[in-house]
Amino acid sequence: MRPTMLIRRKLALTTCALALALPLTSCGFDYATDRPYTPAAGANERSAEVDVLGAAVVASRDGAGTFIAGLANNSATDAISLTSLTAEDGQLDVELDPREIAPLGYENLSEKGNGVAVTGDFAAGDYLALRLEFDNGESVRIDVPVVRECGDFEGFDTASEGGVDEPYDCGLPEPVRQFGPDNEGYVGDELVDEGGAESEPESTE
């Protein structure tokens, strides 16, 4: 493949990544993006041959959700398959069929029915330390947010249907957890509002 073609593809992927905060209908590829996808709330990891873009776990209730992401294969010659998705602490059950990404191809796990079902001890506002392994021998670690199946993420969770817990109320603010200065751990276990400030306790007077 000519260098100019590789440059054009890199620019196209960069343009898509920069535009992720907007509902997408097309990024100039042949795969379907016919539903809103807002992975600006998700995480990116580009340290391996396959870029992981906009990764998130979409959940409609506690304890179960659907892993979504865009997987971009940067190899011009080899197809690469995602073969494993695990939690660093091991406390996650995953239903994953290998997903092959064609050379210079893109696998859109945000398409309905194409996400990866995950269950475990988590809730909206948490971050999950996940590891993705590929059949070329590479693996990547990524901290993935758990987001509610609300707004732009509505309809993305196919794993939580019929669960025993009550579904999330999309009328409430999105819960987030506060990180420390090094961004490597939670400060306590207090939920904070969307502005990042800890909620003030109600007065008992």
Handout entry: Flag for Arg35 being at pLDDT below 50 and farther than 19 Å from Val140 by Cβ
Key = yes
Exercise for the section: Look through Asn114, Asn108 and report the one residue that is more than 19 Å from Asp143 (Cβ to Cβ) and without any contact (Cβ under 8 Å) to a residue 60 or more places away in the chain. Expected result: Asn114
Problem - Check on Gly137, out of contact with any strand residue (DSSP E or B) (no Cβ under 9 Å at 6 or more places or on another chain), under 25 Å from Arg61 (Cβ atoms) and modelled with pLDDT of 50 or more - result: no
Exercise for the section: Might you check whether a residue that is loosely packed, with under 14 Cβ neighbours inside 10 Å, outside any strand (DSSP E or B) and hydrophobic (A, V, I, L, M, F, W, C) occurs anywhere in region 69-77? Expected result: yes
Fill in the blank from the handout: Apart from one, (1) farther than 19 Å from Val50 by Cβ; (2) touching a residue at least 12 places away in the same chain (Cβ under 8 Å) all hold for Gly90; the odd one out is (2)
Problem - Test set (1) touching a Phe, Trp or Tyr at 6+ places or on another chain (Cβ under 7 Å); (2) polar (S, T, N, Q); (3) modelled with pLDDT under 95 - Gln91 fails condition number - result: (1)
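The values are calculated or read from the model by the stated rules, or taken from the named source; none is laboratory data. Keep in mind the model is a prediction, meaning the values are calculated, not measured. Ideal geometry is used to build each Cβ from the backbone, glycine not excepted, and the neighbour counts take in all protein chains shown.
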